[in-house]
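No lab work stands behind these numbers, since they all come straight from the coordinates. As the structure is a prediction and not an experimental result, all values here were calculated from the model. Here the Cβ positions follow ideal geometry from the backbone for every residue, glycine too, while neighbour counts run over all protein chains shown.
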Amino acid sequence: MIDEPAREILREQRSPGAIGIVDGHPATFVDLLLQRSIEKYLAARRPETDVIFDRGIPDCVAYAVHLGVDPEPSLLASREFRYEREVLIVAPWEHIYAVDEERTMSFEDTVGFHDAIVRAYEGTGYELTEVPRASIEDRAALVRAFIRDRYST
């Protein structure tokens, strides 16, 4: 599984002198996020290897729109670096949502940001399948079945 690039960048940008934080320099944050997302995409492209991404390049489009930054570079990258057509998505769920050092957005703000993510993926040609609210075991079973039914040979 490929870790979430935004969390990595936010963790790195807490160091003294860093400028790519969301609040201070949103354009820098989106640029760093896009660069890291592309790097992770390219590094994961190996023959005969299945990889699950927690987040993808279209997320950069949503961040750009959300932060008032030009989304065009992220849109171009989303068209060039393609994942599988069908993508699983998990809607915000207040029961399991928690803030931490990287995830500082309130639950209410997350709901609006989720809508931007849905628009970004659909707008770049992906078909979304929502993971329903259920137990961890049931959600994991759905993910395994999704992968098995579509991509196992």
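In the chain, helices alone account for a calculated mean residue ellipticity at 222 nm of -16500 deg cm²/dmol, with every DSSP H run of four or more residues adding -39,500 (n - 2.57). Against the chain, whose longest principal axis is taken from its Cα atoms, helix 136-151 shows a tilt of about 70°.
Between amide H atoms placed 1.01 Å from N, distances below 5 Å from residue 129 occur with 87, 88, 89, all of them 5 or more places distant or on a separate chain. Between residue 21 and residue 84, the simple label model (points 7 Å from Cα in the Cβ direction) yields a spacing of 3.9 nm. Taking amide H positions as modeled 1.01 Å from N, with prolines and chain starts lacking one, the residues under 5 Å from residue 53 and 5 or more places away or on another chain are 2. Using only the Cα atoms of segment 60-153, build the gyration tensor, take square roots of its eigenvalues as a ≥ b ≥ c, and label the shape rounded, prolate or oblate: rounded if a/c is under 1.5, else prolate if a/b is larger than b/c, else oblate. Judged from the Cα gyration tensor, segment 60-153 comes out oblate (a/c at least 1.5, b/c at or above a/b). Within the listed set 19, 96, 38, the Gaussian network model of the chain (springs between alpha-carbon atoms below 10 Å) gives the highest mean-square fluctuation for 96. Between 0 and 90 degrees, the angle of helix 58-67 with respect to the longest Cα principal axis of the chain falls at about 30 degrees. Remark: segment 24-63 projects, on average over all directions, an area of 3.0 nm² (convex hull of Cα atoms).
Compute a Gaussian network model of the chain, connecting alpha carbons closer than 10 Å, and tell me which residue from 109, 100, 70 fluctuates the most. So, out of 109, 100, 70, the one fluctuating most is 100. Between 62, 18, 77, the residue with the greatest mean-square fluctuation in the GNM of the chain (Cα pairs under 10 Å linked by springs) is 18.
Model label points for residue 45 and residue 96, set 7 angstrom from Cα along the Cα-to-Cβ axis, are 3.1 nm apart.
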